[in-house]
Amino acid sequence: EELDWQYARLLEFVAPGTAGTEEGQNIVLQNGTHEVFNHRERNYINKIKKSVGEKGIDVTIEMLANVNLNNDLNLLSHGGRVIAVGSRGPIEINPQDTMTKESGIIGVALYSSTKEEFKQYAAALQAGMEIGWLKPVIGSQSVFIGEGGPGS
C-alpha cells in the first residue's frame with residue numbers, strides 16, 4: 001500500500017489513505033498520502049467524504065475487500081475503480097452501487113502474473129528505488145521478489 005501512495009504522488013494524484021494505529025498513520029503520511037484517516041473510528045467514512053467532496057475517489061487500492069468493498073463503492077467518483085488486491089472471504093454488495101456511477105471492481109493477484117510480467121514488475125520497482133521515488137517500508141511481513149519467487 002505504501003508503494004501506491006508513493007506512485008500516486010509521483011503522478012501528482014491526490015491520494016487519501018487509511019490506517020488503524022498512530023504508527024500506521026505516520027507511515028501512511030510519510031509515504032506520500034495527502035491525508036490519512038483512522039479506519040477504526042466510527043465516522044471515518046464521513047470524514048473521507050467531506051475531504052474528497054462530491055467528486056469522490058477515482059481509484060481505491062483495497063487490501064481487505066471482504067470488509068471494505070461496500071464503503072469503497074460508495075466513495076467512488078463517476079467512472080471510478082476499486083482495485084481489490086486483498087480479501088479474506090466473501091462480501092455481499094449492491095450492484096446498483098457500481099451501475100449508478102458506472103464504476104467497477106477489478107481483482108488483481110500478483111501470483112497470476114506470467115514470468116515476463118513478474119520480471120517487468122521487479123524491474124519497475126528496482127528502477128523506482130534506484131531513482132529514489134520509491135522507498136519500500138519493510139515490516140514483519142514481506143513479499144519475496146526475485147529468483148524462485150512467483151512467476152519463476
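Is the range 98-111 home to any residue that is acidic (Asp, Glu) and within 26 Å of ASN26 (Cα to Cα)?
no
Filter the strands (runs of 3 or more DSSP E) completely within the range 40-139 down to those with at least 2 residues that are out of contact with any Cys (no Cβ under 7 Å at 6 or more places or on another chain) and among the polar types (S, T, N, Q).
none
Tell me, which residue of the range 19-51 that is more than 19 Å from LEU134 (Cα to Cα) and hydroxyl-bearing (Ser, Thr, Tyr) is surrounded by the most Cβ atoms within 10 Å (Cβ to Cβ)?
Top of the filtered list is TYR44.
In the range 3-18, which residue that is surrounded by 16 or more Cβ atoms within 10 Å (Cβ to Cβ) and out of contact with any His (no Cβ under 7 Å at 6 or more places or on another chain) is modelled with the highest pLDDT?
If we filter the range 3-18 for residues that are surrounded by 16 or more Cβ atoms within 10 Å (Cβ to Cβ), which is where we start, we get 3-9, 15-18.
Next, only the ones that are out of contact with any His (no Cβ under 7 Å at 6 or more places or on another chain) stay: 3-9, 17.
Working: LEU3: 55, ASP4: 62, TRP5: 58, GLN6: 63, TYR7: 65, ALA8: 63, ARG9: 61, GLY17: 87.
Top of the filtered list is GLY17.
Looking at the range 85-105 only, could you name the residues that are of a type in the set (A, V, I, L, M) and at pLDDT 95 or above?
ILE91, ILE93, MET99, ILE105
Applying the selection to the range 92-119, what residues are more than 21 Å from the chain's Cα centre (by Cα) and either more than 18 Å from ASN66 (Cβ to Cβ) or touching a residue at least 12 places away in the same chain (Cβ under 8 Å) (or both)?
Of the residues in the range 92-119, the ones more than 21 Å from the chain's Cα centre (by Cα) are 94-96, 99-100, 114-116, 119.
Across the range 92-119, the qualifying residues are ASN94, GLN96, MET99, THR100, THR114, LYS115, GLU116, LYS119.
Going residue by residue through the range 52-59, is there one that turns out to be small (Gly, Ala, Ser) and either modelled with pLDDT of 95 or more or open to solvent by 50 Å² or more (accessible area, probe 1.4 Å) (or both)?
no
The values are calculated or read from the model by the stated rules, or taken from the named source; none is laboratory data. All values derive from a computational prediction rather than experimental measurement. Cβ coordinates were reconstructed from backbone atoms using ideal geometry, including for glycine residues, and neighbour counts include every protein chain displayed. Side chains are part of the model used for accessible areas, which takes the heavy atoms of the whole protein and leaves out ligands, DNA and RNA. Shrake-Rupley method; radii C 1.70, N 1.55, O 1.52, S 1.80 Å.
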